[in-house]
1. Answer yes if at least one residue in segment 52-69 is part of a strand (DSSP E or B), on the phi > 0 side of the Ramachandran plot and of a type outside the set (D, E, K, R), and no otherwise.
2. I want to confirm something. Restricting to segment 210-234 and keeping residues that are out of contact with any strand residue (DSSP E or B) (no Cβ under 7 Å at 6 or more places or on another chain) and more than 25 Å from G92 (Cα to Cα), which single residue is surrounded by the most Cβ atoms within 10 Å (Cβ to Cβ)?
3. Within segment 202-209, is there a residue that is assigned to a helix (DSSP H, G or I), under 19 Å from Y93 (Cβ atoms) and either in contact with a Leu (Cβ under 8 Å, 6 or more places away or on another chain) or open to solvent by 10 Å² or more (accessible area, probe 1.4 Å) (or both)?
4. Do we find that T33 is open to solvent by 20 Å² or more (accessible area, probe 1.4 Å) and either closer than 28 Å to V243 by Cβ or in contact with a helix residue (DSSP H, G or I) (Cβ under 6 Å, 6 or more places away or on another chain) (or both) in this structure?
5. Could you check F90 against (1) more than 22 Å from V203 (Cα to Cα); (2) open to solvent by less than 20 Å² (accessible area, probe 1.4 Å) and say which number it fails?
6. Report whether or not V202 is within 28 Å of A132 (Cα to Cα) and either at pLDDT 95 or above or touching a Phe, Trp or Tyr at 6+ places or on another chain (Cβ under 8 Å) (or both).
7. For segment 4-16, which residues satisfy the criterion of being touching a strand residue (DSSP E or B) at 6+ places or on another chain (Cβ under 6 Å) and of a type outside the set (D, E)?
8. Hey, N177 hits all of (1) in a helix (DSSP H, G or I); (2) touching a residue at least 60 places away in the same chain (Cβ under 8 Å) but one; which does it fall short on?
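The values are calculated or read from the model by the stated rules, or taken from the named source; none is laboratory data. Bear in mind the structure is a predicted one, so any value in this text is a computation, not a measurement. We place every Cβ from the backbone using ideal geometry, glycine too, and count neighbours over all the protein chains shown. All accessible areas refer to the heavy atoms of the entire protein, side chains included, with ligands and DNA or RNA removed. Shrake-Rupley method; radii C 1.70, N 1.55, O 1.52, S 1.80 Å.
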Amino acid sequence: MEKKEFIRAKNITRIYGEGTPNEIEALHPTNLTISEGEFVAIMGPSGAGKSTLLTILSTLDFATRGGMYLEGENAAGMDNKELSKFRSNFLGYISQDLTLIDSLTMRENIAIPLYIQGKSASEINSKVEEVARLCHIEKLLDKLPSECSGGQVQRATVCRGLVNDPKLIVADEPTGNLDSKNAHEVLMIFRELNKKGTGVVVVTHDCQIASYSTKTLYVLDGMIKETVERNEMSQEEYYEKLVQLTSEDIDEIFVEE
């Protein structure tokens with residue numbers, strides 16, 4: 001059975017300060033497709049272009065050139081209202097930054113995407129409590145972010161990204177504020193949702209985080225240098241393959257020096 005295509009990027013580039021002396025091509029011409037049931041890790045060192053690629057895929061930024069297709073529809077033909085609706089109904093965005101609103105409770109912060117969708121109070125409470133249980137913060141919902149630990153706030157950020165039942169989760173270093181045990185639990189949540197058909201795209205510099213995915217795009221110097229499919233590899237074998245890939249670049253740096 002053919003998988004549904006969620007997002008397709010066709011020859012996209014991102015140039016900052018185009019036409020100025022300080023012009024930077026942060027993303028070179030890139031092609032990729034994210035489909036139903038894929039768990040994609042975008043991995044690479046700092047400054048490689050990972051987050052630039054993610055923000056374009058999630059329509060939070062726009063390519064300088066090339067085409068972006070959202071469920072087959074050209075994003076260039078969508079106005080701001082249509083793009084906002086797409087983000088609200090389709091995407092679950094999770095950032096490493098702890099972007100909760102201090103004056104709102106954890107419950108209210110998690111519920112923001114559902115308020116935007118106009119859901120009823122009963123629907124909102126039911127769904128917020130469901131995702132809070134999934135992330136083990138159900139007892140913290142009526143606390144303010146300042147009354148919770150950094151890891152608990154990060155879990156609430158994850159909950160907010162899941163509460164609208166997104167078709168595609170896009171996450172930028174989502175476990176950066178979590179210890180290894182809590183990071184594992186969040187990634188297992190992503191994996192289980194992925195098995196049910198939710199697409200997942202995670203940006204990371206960590207081979208261990210990437211090893212939870214089904215496919216890794218290794219980004220270096222603004223381009224996808226290599227794609228590694230997990231296929232039938234165990235997670236350990238996949239992890240070792242990714243470590244080998246990154247160590248080859250480190251070896252090249254040492255050779256150059």
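1. yes
2. It comes out as L220.
3. Yes: one or more hits.
4. Spelling it out, T33 is indeed open to solvent by 20 Å² or more (accessible area, probe 1.4 Å) and either closer than 28 Å to V243 by Cβ or in contact with a helix residue (DSSP H, G or I) (Cβ under 6 Å, 6 or more places away or on another chain) (or both).
5. (1)
6. Yes: the conditions hold for V202.
7. F6, I7, R8, A9, K10, N11, I12, T13, R14, I15, Y16
8. For N177, the failing item is (1).
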